[in-house]
Amino acid sequence: MTTQMRAIVQNMPKAELHIHIEGSLEPELIFTLAERNGVTLAYPSVDALRAAYAFTDLQSFLDIYYAGASVLRKEQDFYDMTAAYLQRAQADHVRHTEIFFDPQTHTARGVPMADVINGIHRACADSPLSASLILCFLRHLSEEDAIATLEAALPYRDKFIGVGLDSSEVGHPPEKFARVFARCRDLGLRLVAHAGEEGPPAYIETALDLLKVERIDHGVRCLEDPALTRRLAAMRMPLTVCPLSNTKLRVFDQMRDHNLLQLLDAGLVAMVNSDDPAYFGGYLNDNFVAVFDALPLGLAHAHQLARNSFEAAFLPAPEKQRFLDEVDTYFSAFNVV
Ligand code: ADE
Ligand code: ZN
């Protein structure tokens, strides 16, 4: 990638729609919070913890990710973690972010739901960024557990805009959560789900048909099914693609094998996201630089990715249009050269 192209993707206005806030917890903050809360970690130092970030698949990552999250105990811990992410996002010219959080990871350890939601929400309210929250259910747990989690979160209904589905994908298909998603739909919550990351294209189909999701998180395996790919393109179903995550978790061996360009060529509303930036080697702009370095992507792709990120956002139409206009104005300066 040229120096100019690098600056263009770094400085362009963008939205981030796939970021797990617990995945933004940097090793340094893990150690600070462990000390503050008297939690003993299995690793003697920041460097030893970081050295353990050598993943072979999704599960090998999730085991370390849940261990890292165990240092979060108090409302202020959730605030500090979220404030740190929002600062990084702002530096990457993120204008709007929709943040996933995993309440079951914390409530199972006795942390009150109020402290989880209020801490994350207060940091969003204090930030100049536009930010919304999406509560994710852990799919390796039961649907009953998800329903109980939803009930516990409903007193804070005004503080999150939607629900998602994450954690170990294979063996936990979307249909396992059909009832709780139907309830969320009745409550007016926006619906998303991880599907087609490690799981087969059939999981993308059941996420659409049985959960009635409005975005697919990851979804990169859709290309294995041409009819599904055509369907996703025709309905303009967004895919929140996470390039560094996909290579770190071996969905693709190397960045040059990533299918982002094929997804765009198929007319899919794909965009770039960081997933778990503290674990996968970088925040949103690091993902843009990595994927633009490895693939033959140019100015038109950058423009499309930025537009797609706002098109796929859960924002009121006028706000969305203002962001899209900002993107088009930004790119009009380069289209003439
Ligand atoms: N939780 C955090 N990151 C995840 C991912 N990439 N897939 C599934 N669950 C997750
Ligand atoms: Zn994810």
Distance from the stretch 121-169 to the stretch 207-278 (C-alpha centre basis), Å: 22 Å
Could I have the simple spin-label model distance between residue 325 and residue 83, label points 7 Å from Cα toward Cβ, reported in nm to one decimal? 3.4 nm
With no solvent and one equal point scatterer per Cα, compute the Debye intensity ratio I(q)/I(0) for the stretch 81-189 at 0.17 Å⁻¹ and report its log10, rounded to two decimals. -0.82
Under-5 Å amide H pairs with residue 137, H placed in peptide plane, nonlocal only: 164, 165, 166
Interchain or sequence-distant (5+) residues whose placed amide H lies within less than 5 Å of the amide H of residue 99 are 132, 133, 134
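Length gain on complete extension for the stretch residue 234 to residue 202, per 0.36 nm per residue less the alpha carbon to alpha carbon distance?
In short, 9.8 nm is gained.
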Residue 46 to residue 125: FRET efficiency via 1/(1 + (r/R0)^6), r the Cβ-Cβ distance, R0 22 Å, to the nearest 0.05? 0.15
At a Förster distance of 22 Å, what's the computed FRET efficiency of residue 175 paired with residue 144, Cβ-Cβ distance as r, to 0.05? 0.90
Tally of Lys pairs whose C-alpha atoms are under 27 Å apart, taken over the chain, 8 or more apart or cross-chain: 10
Radius of gyration, Dmax [the stretch 1-51; alpha carbons; angstrom]: 17.0, 48
If you line up the Cα atoms of the chain on their principal axes, what length do they span on each, largest first, in Å? 57, 42, 40
Can you send over the carbon and sulfur percentage of the accessible area for the stretch 175-327, probe radius 1.4 Å, protein chains only? 50 percent
Taking each pair of distinct Cα atoms in the stretch 258-337 once, what is the resulting Kirkwood hydrodynamic radius in Å? 13.7 Å
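Per residue, how many Å² of accessible area does the chain show with a 1.4 Å probe?
38 Å²
The values are calculated or read from the model by the stated rules, or taken from the named source; none is laboratory data. A quick note: this is a predicted structure, and the numbers were derived from the prediction, not measured. FYI the Cβ positions are ideal-geometry reconstructions off the backbone, even for glycines, and counts take in every protein chain you see. Note: accessible area is taken over every heavy atom of the protein model, side chains too, but ligands, DNA and RNA are not part of it. Shrake-Rupley method; radii C 1.70, N 1.55, O 1.52, S 1.80 Å.
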